[in-house]
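These notes concern the structure reproduced below.
The values are calculated or read from the model by the stated rules, or taken from the named source; none is laboratory data. Model, not experiment: these values are computed from the prediction. So basically every Cβ, Gly included, is an ideal-geometry build from the backbone, and we count neighbours across all protein chains shown.
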């Protein structure tokens, strides 16, 4: 009986589609929806071609032993690539640890520094417009050009390492040099570069949030006897929660995808995306394994996104 009912419902699908098209083209409400549909079809098509299809292909290829970029001569291996990642692969999890350290340090430092800069520039002191543009400039500069400049700055005889030598000499300290060819210090070079490059974008975001806060709130707080520090924590920081959570979400999503600076600067460290690139493009362990690694990273980023969306809902004003 259940099978018959399912079959009857299945047979009614073409009739329902026919009725939907009839409604779409013959009724006034349907014709209005038709125009909207025509406008969104190009965007949906592009999304399917460049997002849905590649993701689907990645899932399919992760179950094969594909080598290189050719689709020929590949065999279905099931979950073998995923078992290798979770049980054997040491480099991928080393890369995950590196990106974890990178994220834990860069995200709080960048957001805090950006917020402090936004508060200073909001004061409308002399030259704020110039400094606002100056701090935002790294955010719109080519990543390749930025990496090349920082490669020069972090050279063994570059400005930064010469500054460290001077500091050690004057203060009798033993601060280690930051060298991109040193596996122990390369990650700190990337952290320093990210801190410099991420200030501007977050600063502009926080400035926009501060400008949206009604001045009457600060006036009322001043009448009630609140000082500037109390006004900042009770009003500014509280009303900036949506902007802070948004910036935090973007930072947590973007950090695990670190790749370009490592490739350009030939840094003696690794990240998950760089491991995926090596396996797929440079004769590593194969494209099949690389796509499996990309799916693991994709799931990891999706979990971060879901958690941050939940946090955003809880703190929504």
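Of the conditions (1) outside any helix (DSSP H, G or I); (2) surrounded by 16 or more Cβ atoms within 10 Å (Cβ to Cβ), residue 147 satisfies every one except a single condition; which number is it?
Of (1) outside any helix (DSSP H, G or I); (2) surrounded by 16 or more Cβ atoms within 10 Å (Cβ to Cβ), only one is false for residue 147: (1).
Checking residue 255 against (1) crowded, with 16+ Cβ neighbours inside 10 Å; (2) under 23 Å from residue 108 (Cβ atoms); (3) more than 13 Å from the chain's Cα centre (by Cα), which single condition isn't satisfied?
(3)
Of the conditions (1) without any contact (Cβ under 8 Å) to a residue 40 or more places away in the chain; (2) over 30 Å from residue 302 (Cβ atoms); (3) surrounded by 16 or more Cβ atoms within 10 Å (Cβ to Cβ), residue 243 satisfies every one except a single condition; which number is it?
Unmet condition: (2).
Residues in the stretch 255-276 that are part of a helix (DSSP H, G or I) and more than 15 Å from residue 66 (Cβ to Cβ): how many?
13
Every residue in the stretch 150-171 that is in contact with a helix residue (DSSP H, G or I) (Cβ under 8 Å, 6 or more places away or on another chain), surrounded by 13 or more Cβ atoms within 10 Å (Cβ to Cβ) and in a helix (DSSP H, G or I), please.
If the condition is that a residue be in contact with a helix residue (DSSP H, G or I) (Cβ under 8 Å, 6 or more places away or on another chain), surrounded by 13 or more Cβ atoms within 10 Å (Cβ to Cβ) and in a helix (DSSP H, G or I), then 150, 151, 153, 160 are the ones that fit.
How many residues does the stretch 264-277 hold that are surrounded by fewer than 21 Cβ atoms within 10 Å (Cβ to Cβ) and without any contact (Cβ under 8 Å) to a residue 60 or more places away in the chain?
Residues in the stretch 264-277 being surrounded by fewer than 21 Cβ atoms within 10 Å (Cβ to Cβ) and without any contact (Cβ under 8 Å) to a residue 60 or more places away in the chain: 2 in total.
Do we find a residue being in a helix (DSSP H, G or I), under 17 Å from the mean Cα position of the chain (by Cα) and surrounded by fewer than 13 Cβ atoms within 10 Å (Cβ to Cβ) anywhere in the stretch 102-118?
Yes, the conditions are met somewhere in the stretch 102-118.
Report yes if some residue within the stretch 179-194 is surrounded by 12 or more Cβ atoms within 10 Å (Cβ to Cβ), within 19 Å of residue 262 (Cβ to Cβ), free of Cβ contacts under 8 Å to residues at least 60 places away in the same chain and in contact with a helix residue (DSSP H, G or I) (Cβ under 6 Å, 6 or more places away or on another chain); otherwise report no.
Looking through the stretch 179-194, none of the residues is surrounded by 12 or more Cβ atoms within 10 Å (Cβ to Cβ), within 19 Å of residue 262 (Cβ to Cβ), free of Cβ contacts under 8 Å to residues at least 60 places away in the same chain and in contact with a helix residue (DSSP H, G or I) (Cβ under 6 Å, 6 or more places away or on another chain).
Among 208, 280, which is the only one that is crowded, with 19+ Cβ neighbours inside 10 Å and assigned by TED's automatic domain parsing to the domain that holds residue 135?
The unique qualifying residue is 280.
Considering only residues of the stretch 283-317 that are within 14 Å of residue 61 (Cβ to Cβ) and within 15 Å of the chain's Cα centre (by Cα), which is surrounded by the fewest Cβ atoms within 10 Å (Cβ to Cβ)?
Checking each candidate, the answer is 298.
Which of the residues spanning the stretch 172-199 are more than 30 Å from residue 247 (Cβ to Cβ) and part of a helix (DSSP H, G or I)?
none
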